[in-house]
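So the structure is just underneath, and the comments pick up after that.
Here, each number is a calculation from the coordinates, and none is a lab measurement. Fair warning: this is a prediction, and the values are worked out from it, not measured in the lab. As a convention, Cβ positions derive from the backbone with ideal geometry for all residues, glycine included, and neighbour counts pool all protein chains shown.
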Amino acid sequence: MDLGKTIASLRTERNMSQQQLADVLFVSRDLVSKWENGSRRPDYTMIERIAEAFGVRADDIADRNGLIFKELSECVSGVRDISDSGLAELISGFLKELRETDAKMFVQRYYFLRNTSDISRMFGLGENHVRTTLSRMRRKLRKYVEENQNT
């Protein structure tokens, strides 16, 4: 079962409306709807809050490592016929082009599998800033891979 269907199923099992869940989580009903229809995906910190609202474990809703790897795999999905070491070289080259703080943040997320809340505390940044920075880095990585996979 996908993440959106899992959230919808847990919500309906508890006779909650999208608005009621939104109110508990302090988000909009529209955002809950987007999670359920798959057009948006909550980060793992929010999944932990959703799990708490439903009285289940976060792992019952989604696999943390799977979500993080999915974020990264979307950046390198176009890579064809490249060895693991070749992909590692691409990512290493990409990291060398980033500012030091951004590279460290990237490594914390995708190597050490830290959540955005932990990263924001580590770097003294707001959680939204960390999410935005990681999103931009994923787009940059995708472009970097496209431009450098054949060199």
Could you give the nm distance between label points at V24 and V107, where each point is 7 Å from its Cα heading toward the beta carbon?
4.0 nm
Hey, fewest Cβ within 10 Å first, where do T45, T133, T101, T6 land in order?
T101, T45, T6, T133
Given 10 Å bins starting at zero, what is the percent of C-alpha pairs of region 67-148 in each, up to the one with the largest pair distance?
17, 54, 25, 4
Yeah, region 3-62 with a ≥ b ≥ c from its alpha-carbon gyration tensor (a/c under 1.5 is rounded, else prolate when a/b outruns b/c, oblate otherwise) is rounded
Between E89 and S117, what is the spin-label point distance in nm, taking each point 7 Å from the Cα along the Cα→C-beta axis?
4.1 nm
Cross-link pairs K34/K70; K104/K143; K34/K143; K34/K104; K96/K143; K70/K104 - those with Cα-Cα distance over 25 Å
K34/K143; K34/K104
In the set [x] 24, 20, 13; [y] 72, 30, 6; [z] 32, 17, 13, which value of semi-axes √(5λ) of the Cα gyration tensor in Å was calculated from the structure you see?
[z]
If you stretched the chain out fully between T12 and K96, how much longer would it get, using 0.36 nm times the residue separation minus the C-alpha to C-alpha distance?
25.5 nm
Filtered chymotrypsin sites (Phe, Trp or Tyr not before Pro), region 57-142: DSSP coil and at most 14 other beta carbons within 10 Å
Y111, F112
Selected from N65, S85, Y144, residue furthest toward positive end of dipole (the chain; charges at beta carbon):
Y144
